[in-house]
Each structure stands twice: as structure tokens, then as C-alpha cells.
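Nothing in this text is a laboratory measurement; each read-out follows from the coordinates by a stated rule. Note that the coordinates shown come from a computational prediction; the quantities given were computed from them, not determined experimentally. Cβ sites come from the backbone with ideal geometry, for glycine too, and all protein chains shown count toward neighbours.
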């Protein structure tokens, strides 16, 4: 793979640094990724790791422990931790400016799973396929492999994922003799019955505001109906398909039938969690951390009274879906220390680090086998057991224009759910706006 000016090792200083590290031929000959050195060597070396906090299972920071374990294998490598902004958009904007200018630092980036499309298009991350064996990627679920790649090329080493779940009031189900709903139709029926008892104000709450969280919810409901928002190549929108319309129509019916409050269309993650932890809602769709928070006596009035399951499907289907959230490692294409950057990024995605995440992390490991390992069984986290059987659904992130594509989804999905647009009108407008965005034009 040939590298253009914005691509790998663009700056003369970067070329000289890499050549010196690797003992390679003169820098003008270093134009192929396949020429990257992969042996770390024994000399002391420091690389910069750009990363926001990674939660432990006790609410601490897992990053020092990851570095400590890595150093048992590579004692000569110093990982210099560079604190990144917690907000993903601020994080991305800062990095794109820095790397596009040719900066050699940071060497390894802990970044959002939604970034591969933009990073690939703008040569902000190193293509990885020639640097690791082909079967390396087999250890991750298909949906995650899809999210980490663009046009068949991988740009991100997966580190951990986040799945969405249905959290529910087990105490109220027991009180009134209801079973845990096995389908969305049963969620609707049970929600209405529990509202009628006066024990809750709301049935089901989710994140419906005009933002990325609504895109995640819309993608899931459409997947439940057997559809998706784009073709497989992420070049054209399919928002007017019968499956997409069915998923969005159901989401709108939750509000129109009083199962979901209209206020949910202003909710982000914390607001929806608050509605559940204060006892106002019977069911909550949220990410994996929400269960732990809702079950904590310090943070929730319903602690010890709740249960968790996968998001259900519609009647007659056994498959359950979750949007893929999570973070992984990107290698700066200008790094002067490619062998060490590769070693660190790959280690974070491989077995030793993944098992450490199982034992001590507050997130879900990316590696499939880690979810069913003895360590995972000992951890006894219901999120792990559910995640092992989930079907992961990627958002259409494999495009450089994903932020605008997502805007076309969440603006119109919110309008449909609010009853401001009919499903046919709203999905037609959504498809037009998505196609404009996918063509690289402004909405």
C-alpha cells in the first residue's frame, strides 16, 4: 500500500526518526507499511499514549494497571500517558488537528469506535492488515470487525466494547405476577399494566434527544425489524425500506401510546438513567454501566430491585441486537517508533490485556473468548453473559462523513418519534439527507 503526502511517515523528521529506530535504509525508501519494523528491541524507549480514563469495576482508572502488566513483557518500554478529553467530539477534533499537521505524538491513540471512516479517509490512522496475521481479527465478533474496518482494511485494534441492555424493575414484575418481557410487544403490554397500577409513571425510557444517542436507538430498532440505514458499502441510504420504516414506526408508537413519555425525546443517557433510578420508569434502555449504577445504593433508590436482559426483539424473532459502542487503539501514521507503537496497540487488543479487563475493568472486553473465559465466569457480571450472545450492529461509521450521516438519522428519527413527521415523510427526508451527506455535501 503506497502512502500519500498525508499518509504514513509524511514528515522528514518522522522518517529520520523511524529509520534511526529501525536501522533501516535511507528514509526515501521507507514508503511502504510493509517495511515497518515489528521487533521492539532491548533499548529503552518511550511512546505517548493518548487516552481518557478507562473505568475499573470499582470506579477507578484501569490505565495504570494495563501499563504495569504490559511492562512485565516489555520492561524497557515506558508508556507516557497523555490525558485525553473525556468528550469524544472534543477528543476527535483535537487529534485530527494535531495529526493532520504531521505530529509524531501521540504514538498510540485510544479512540472511539465511530472514528475509522473519518480517520481512514484523512490518513489519520495507520492501516493495520499488513502488520498482523490475517487470523488476528478472527478473535473479535463480526459486527466489531466491521466497525473497525473500512473497505476491507482495518484501522483500529479493538480494546473494549459497550453494549446496550434492557434494565427492568424485577420487584414490580414479581409484585404483580408478570414475567420478564421476551419481546417488544410484551414490553409494551407490561409497561401499560404497570403504569395502570400507579407504581410507575413511565413504562419504557430511552435516549431520544437530537444527538448521537438517538442514532444508536434508531439503528437498533431498525435492526430489530431486519433492516439497516445504508447499503453494505455505506454509500447509499436505505432509510425508506419497509424494515427501516417498521422499526421507526414502532419507536414512534411507544410515545404515541404512552409507553414512553414525550420527555424521553429530550433525554440523553443520564436523564434516562435518572428516570429509572428514581423509580419513575419500569424499563430502561442504556449502556452496560447503567445496571451497576442503578444497582448501587449510593446512586439509586431502586438498588437491589432490578434485573437486566438483552434488548428484546419483535415477536417471532430470537435474535437480539445492540449498537456497538466502545473504544480501540489507533496508531499515529507519523509515529517515529512504529515497532513499539504496534506492540502496545496490539497488546491492548490481545489476550493478556483482555483478561485483565475481565478481572478488573468496568467495561466489556472486545475479544469474544474473553467473555466466556473462567475469569469472566468468576466475575459473575450479567452484562458479560448477555454480551456473549448478542448480535452487534454497527452504525454506518465506515464513511468519512459519518457525523453528517448520523445527523440525518437522529434529527428525523426524533421528528418521527415526536409525531411531527409521518413515518413515510420522515424517512424520505432522512434518506435524502443521508445521501447528500454520503456524497460529501453539506446538509
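Which of 344, 36 comes first, and how do the rest follow, when ranked by fewest Cβ neighbours within 10 Å? Before the final figure, lay out the partial values.
Working: 344 25, 36 21.
The fewest-first ordering by Cβ neighbours comes to 36, 344.
Taking all Cα pairs closer than 8 Å and separated by 6 or more residues, the relative contact order of segment 317-396 comes to 37 percent.
If you take the square roots of the eigenvalues of the alpha-carbon gyration tensor of segment 294-435 and sort them as a ≥ b ≥ c, do you get rounded (a/c under 1.5), prolate (a/b over b/c) or oblate? Show your work: numbers first, answer last.
Values: a/c = 2.28, a/b = 1.23, b/c = 1.86.
Note, shape of segment 294-435 comes out oblate.
If you wrap a convex hull around the Cα atoms of segment 142-207, how much volume per residue is inside, in Å³?
Values: hull volume 8.7 nm³, N = 66.
Output value, Cα hull per residue: 132 Å³.
Seen against the Cα atoms of the chain and their longest principal axis, helix 351-360 is set at about 40 degrees. Against the main long axis of the alpha-carbon atoms of the chain, helix 63-73 sits at an angle near 40°.
Each of 359, 169, 262 was scored by other Cβ atoms within 10 Å of its Cβ. Arranged with the fewest first, they read 262, 359, 169. Quick one: helix 338-349 against the long Cα principal axis of the chain, what's the angle to the nearest 10°, folded into 0 to 90? Compared with the principal axis, the helix lies near 30 degrees. All alpha carbon pair distances within segment 71-166 were sorted into 10 Å bins beginning at 0; the resulting P(r) in whole percents reads 13, 42, 36, 10, 0.
For segment 380-440 and segment 280-309, what is the separation of their Cα centres, given in Å? Result: 26 Å between the Cα centres. Specify which labelled value, from [x] 1.56; [y] 1.31; [z] 1.02, agrees with Cα Rg over 2.2 N^0.38 Å derived from the coordinates of the model shown. Checked against the structure: label [z].
Report the per residue volume, in Å³, of the convex hull enclosing the C-alpha atoms of segment 180-258. Numbers along the way, then the final one.
Numbers: hull volume 8.3 nm³, N = 79.
That works out to 105 Å³ per residue.
Averaging the sequence gap over all C-alpha pairs within less than 8 Å and six or more residues apart, then dividing by the number of residues, gives the chain a relative contact order of 25 percent. Separation of segment 112-188 and segment 225-279 by C-alpha centroid, Å? Result: 18 Å between the Cα centres. The distance linking segment 312-360 with segment 66-86 is 17 Å (Cα centroid to Cα centroid, whole angstrom).
Note on segment 369-443: the alpha carbon radius of gyration divided by the globular reference 2.2 N^0.38 Å gives 1.64.
Whole number please: convex hull volume per residue, Cα atoms of segment 136-272, in Å³.
Working: hull volume 20.0 nm³, N = 137.
Here the figure is 146 Å³ per residue.
Ranking of 190, 320, 260, 197 by neighbouring Cβ atoms within 10 Å, starting from the fewest: 197, 320, 190, 260.
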